[in-house]
Amino acid sequence: MDMLGGLSGQEFLSQYWQKTPYLVRQAFPDGLPGISGDELAGLATEPDVESRLVTANDWTLRHGPFFEDDFSQLPEKDWTLLVQAVDHWVPEIAALFDAFSFIPAWRMDDIMISYAVPGGGVGPHFDHYDVFLIQVEGEREWRIGQSCTEADDRRDDTDLSILAHFDEQERWVLKPGDMLYVPPGIAHWGEALSKDCITYSIGFRAPSQAETLVDFAQFLANTSSDFDRYQDADLDARDDSHRITSADIDRIQTMLQSLVQDREAMARWFGSYMTQPKYGDAPLEEPSLSKADIARQLQRQPLIRNAAVRLAYQPGMLFVDGEAIETDLPADGLRWLCEQKCISASDLGSQDNAVRLSILTSLVGHDAFFFDDE
């Protein structure tokens, strides 16, 4: 793939993914879907959009939403504006995910965009997830540092997670079209060198063990019966009634292991968990439509995919923003639904027409697809 410097998706994953940084010059030589600094600032004034302003000279952090006056009062250097999940609000930006289709879609998190002036950045830090840093406008210098662990100290004089120590290993200046991949745990430090420096950061979901344990336990609790309880029909008489024995631990461990080993429950939970929306998006408020309504409307206009909605599937199950929908649609039909950006009436002309229309009706109800009245 040209985007990967001539490597195939598999070669990149085998050689670099979660292993070592990788720089690709002119990964996007024909340019990228753009957004201006003014447009990004406009998004940062919206209450539903997560945004931050960072000043590099004193490492202060401010959270949005912001006002126009906040930007007019900024100096000419040493600050950066970061806006999360721009892909949720700008479909052209969301289309960039297609370039990374060799990675599971449910692993993708969001596209954060930063706008910086000379000296702007967020300091030396590391992420717990993989990230592709794509330079869109201007120039930014990236320094690569050490591999970090929980033992690496952070500075205590700022709300930013800035490393107290940065051991520089390499540095590169990225120009428009260049892309840098940084694995989890690798320290990196970016600084804008020019005015109107715009960088896209494509991040990936990597939930912690603690997060997954809590969510899976809650899922199991919600699906378990009150009659499923600790049992000890093989209990032996005790001469020490206060002691917890190895046999007692074996029983509770067996009970819990049986829950974890329920592969069907694990699969249902995992699909729901990895498609849960991270950012609160305003619902499209599509009116309730029946299958017949959708079939008629499709004759006049196509359905459009809501870029903010996350989809994934397993055979017999479609996951939509954390909810599982059982379906008889074959796996190839589910894959087709997940990949579509636009669906017209002619797309339902297969033998699975009725089943596709049924699941499509559910997707419209979940705001995954909508009719564009404009």
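The values are calculated or read from the model by the stated rules, or taken from the named source; none is laboratory data. These figures come from a predicted structure and were not determined experimentally. Glycine gets a Cβ as well: all are built from the backbone with ideal geometry, and neighbour counts include every protein chain shown. Accessible surface areas use protein heavy atoms only, side chains included; no ligands, DNA or RNA. Shrake-Rupley method; radii C 1.70, N 1.55, O 1.52, S 1.80 Å.
A few remarks follow.
- Rounded percent of accessible protein surface that carbon and sulfur make up, region 126-282, 1.4 Å probe: 49 percent
- V173-R335 FRET efficiency (beta carbon distance; Förster radius 51 Å; 0.05 resolution): 0.80
- Within the chain, all pairs of alpha-carbon atoms sorted by distance into 10 Å bins from zero give the percentages 4, 19, 26, 23, 16, 8, 3, 1, 0.
- Accessible area per residue (1.4 Å probe, heavy atoms of protein chains only) ranks V214, V86 as V214, V86, with the largest value leading.
- Candidates S51, S288, S246: whichever shows maximal mean-square fluctuation once the chain is modelled as a Gaussian network with Cα springs under 10 Å: S246
- Sites D293 and N222 - FRET efficiency at Förster radius 35 Å, r taken between beta-carbons, to 0.05: 0.60
- Ellipsoid equivalent to region 303-374 - semi-axes via the Cα gyration tensor, in Å: 17, 16, 10
- Potential extension, T60-A164 segment - 0.36 nm per residue separation minus Cα distance: 35.9 nm
- Rounded if a/c under 1.5, otherwise prolate or oblate - region 222-363, Cα gyration tensor axes: prolate
- D152, D130, D69, ranked by accessible area, largest first (probe 1.4 Å): D69, D152, D130
- Surface accessible to a 1.4 Å probe, S72 within the full protein complex, Å²: 90 Å²
- Summed over qualifying helices (DSSP H, 4 residues or more, each -39500 (n - 2.57)) and divided by its residue number, the chain shows a 222 nm mean residue ellipticity of -7500 deg cm²/dmol.
- Under 15 Å from the Cα of K278 - aspartates and glutamates, other chains or at least 8 residues apart: D48, E50, D87, D109, D110, E211, D215, D321, E323
- Under 5 Å, built H, 5+ apart or other chain: amide partners of Q314: F319
- When Rg and the Kirkwood radius Rh are both evaluated on Cα atoms of region 39-188, their ratio Rg/Rh stands at 0.95.
- Accessible surface, region 309-374, averaged per residue in Å² (probe 1.4 Å): 48 Å²
- Residue of L329, L13, L180 that the Gaussian network model of the chain assigns the largest fluctuation, springs spanning Cα pairs under 10 Å: L13
- Apportionment of accessible area to carbon and sulfur, region 35-112, percent (1.4 Å): 50 percent
- Alpha-carbon centroid distance for the pair region 1-80 / region 128-178, whole angstrom: 13 Å
- GNM top mover of F28, F270, F102 - the chain, alpha-carbon springs below 10 Å: F102
- The aspartates and glutamates whose alpha-carbon is closer than 19 Å to the alpha-carbon of K291, local same-chain residues fewer than 8 away aside, are E326, D328, D347, D352, D367, D372, D373.
- For K175, solvent-accessible area (1.4 Å; no DNA, RNA or ligand), Å²: 110 Å²
- Taking a point 7 Å out from the Cα of D157 in the direction of its Cβ, the residues of region 54-76 whose backbone N falls within less than 16 Å of it are 55-61.
- A probe of 1.4 angstrom, applied to the heavy atoms of all protein chains, finds H88 with accessible area near 30 square angstrom.
- Annotation note: GluC sites (Glu not before Pro) in region 224-326 located in DSSP loop regions with a Cβ neighbour count of at most 13 within 10 Å are E285.
- Computed from label points 7 Å out along Cα-Cβ, the spacing between D215 and D98 is 2.8 nm.
- Ordered from highest to lowest accessible area with the whole protein assembly present and a 1.4 Å probe, M266, M112 read as M266, M112.
- Karplus-derived 3J(HN,Hα), 6.51/-1.76/1.60, for each residue of region 14-31, Hz, glycine and proline x: 6, 9, 10, 4, 6, 10, 8, x, 8, 9, 10, 7, 6, 5, 10, x, 8, x
- Model label zone, M266; criterion: amide N under 15 Å from point 7 Å along Cα-to-beta-carbon; scope region 185-220: 212-213, 216-217, 220
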